[in-house]
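Note sheet for the following structure.
The values are calculated or read from the model by the stated rules, or taken from the named source; none is laboratory data. From a predicted model like this one, the values you see are computed outputs, not experimental measurements. With ideal geometry, Cβ positions are generated from the backbone for all residues, glycine too; neighbour counts draw on all protein chains shown.
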Amino acid sequence: MKLTKINSEVLKIYKKFNPSIPNNFNKRFLVIKNLFENLLKFPIHDFKSKKIIEFGCGTGTTSCYLGLNGHKVEGYDFNKFSIEHCLTLKKKFNLRTVKFFEKEFYNIKIKKYDIVICNAVIHHLDNPYKAINFLKKFVKKNGYLILGFGLDSSNLQHNLMKLTSRLYGIKDEEIYENSNFFFKKHIDRCVKFSQRKRKNVVYDQFINPQHNYINLNRLIKIFKGDYDLYSQWPSFSFPISDTYNNITCKNSNLINAKYSSIFWSSKKNSDIKNINKLDKTFFNNCEILFKFFKNKKKIKFNLQTKNFLKKLSKVRNYKIKFPLFDEIKIYLNELYDFIIFISSKKQVNKYRLKHKINNYKVLFKEHNGLGLNFFIFKKKAK
């Protein structure tokens, strides 16, 4: 299958600045182990030899980790430089049960596997939902599909950060300079926790032209009927992580339980009315917010933006008493203010914009609205 123009651009970036090469493979193995065993409750070392395929295997750390745990693994990637690193790692650990292949996503021959893995890949494709349905064809009955990707809700701010970095130029070097100017702390955090170089992070997150983040409701519909949700990270109860490299609360399970218990203690008989109201009004309008920033190159103050701001006003003026909603309201007010500011007809002064970003209390702060979500789906035996 021939690559589309935009996918060719993505490959060009990955060839030049491969974002998945860790500084320390042993530390990376520990991160992967923690993801499977603790966060996703999927102790891969307890399974007897399984047949596993990994789509978008990058430099092979996950595939090699699985091979070290006694599994037969096939890793595929469309970047030949990634595969070269995979083969080096395979040789280093003398892994005979792990094989690597250079192949484009949809050119991989359909066979059945016990476990199918695809991490941080499908939101870089033209149609992530088509990709998910393709991945499902590889899963055996009672097999597992493990996905890691960005949701449109949790990455709303990432889309806005990408857009902001293009306000003052769209050349690679201009985006690189502007992303570091506006979002230095975010990039510093990514460098620290992902064990990657600064250029790797910026090219992957800001200069990369394609991030098609996934809608959670649409995802659930795709798996409804023939799959069960085995586990997910972060949990639905309380957000405590942006990626599996960085847990934002120490003793996360305990903290999660504490916050969940506080949330449960605030419940009352009328909550079901509020939840139903939220479902119809609040979340429906939030869906529009998520879509508005998707792969946008510029925001102009036109009829589309004006209509969007009306929808945003409905969400931020929504009156409901729920834990954490005070902070959400601040976030929505700041989001409204930011869109008004950058969509004006005149070019916004770069330093004034940075000052505004720095003074927000919630928007763009710490890990808000960033990172990957992980899901394990188990195929039913029919």
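Please work out which residue is surrounded by the fewest Cβ atoms within 10 Å (Cβ to Cβ), limiting yourself to the range 142-169 and to residues that are in a loop (DSSP other than H, G, I, E, B) and charged (D, E, K, R). Only one residue fits best here, namely R166. Screening the candidates F181, F206, F193 for the property of being over 14 Å from the mean Cα position of the chain (by Cα) and either part of a loop (DSSP other than H, G, I, E, B) or free of Cβ contacts under 8 Å to residues at least 60 places away in the same chain (or both) yields one hit, F193. Say whether the condition of being buried (at least 18 other Cβ atoms within 10 Å of the Cβ) and either within 26 Å of the chain's Cα centre (by Cα) or at pLDDT below 75 (or both) is met by at least one residue in the range 257-280. No, the range 257-280 contains no residue that is buried (at least 18 other Cβ atoms within 10 Å of the Cβ) and either within 26 Å of the chain's Cα centre (by Cα) or at pLDDT below 75 (or both).
Hey, does the range 146-169 have a residue that's modelled with pLDDT of 95 or more, within 30 Å of C286 (Cα to Cα) and of a type in the set (A, V, I, L, M)? Looking for residues that are modelled with pLDDT of 95 or more, within 30 Å of C286 (Cα to Cα) and of a type in the set (A, V, I, L, M), one finds at least one in the range 146-169, hence yes. I want to confirm something. Restricting to the range 226-241 and keeping residues that are among the small types (G, A, S) and part of a loop (DSSP other than H, G, I, E, B), which single residue is modelled with the lowest pLDDT? Filtering first and then ranking leaves S237. Return the residues of the range 121-138 that are of a type in the set (A, V, I, L, M, F, W, C), modelled with pLDDT of 90 or more and within 22 Å of N215 (Cα to Cα); say none if nothing qualifies. Within the range 121-138, V121, I122, A131, I132, F134, L135 meet the criteria.
Examine the range 66-79 for a residue that is under 16 Å from F374 (Cβ atoms), buried (at least 22 other Cβ atoms within 10 Å of the Cβ), touching a residue at least 24 places away in the same chain (Cβ under 8 Å) and within 26 Å of the chain's Cα centre (by Cα), and state whether such a residue exists. Checked against the condition, which is being under 16 Å from F374 (Cβ atoms), buried (at least 22 other Cβ atoms within 10 Å of the Cβ), touching a residue at least 24 places away in the same chain (Cβ under 8 Å) and within 26 Å of the chain's Cα centre (by Cα), the range 66-79 yields at least one hit. Scanning the range 104-137 for residues that are in contact (Cβ under 8 Å) with a residue 12 or more places away in the chain, under 17 Å from K221 (Cβ atoms), within 18 Å of the chain's Cα centre (by Cα) and not in a loop (DSSP other than H, G, I, E, B) turns up I122, P128, Y129, A131, I132, L135.
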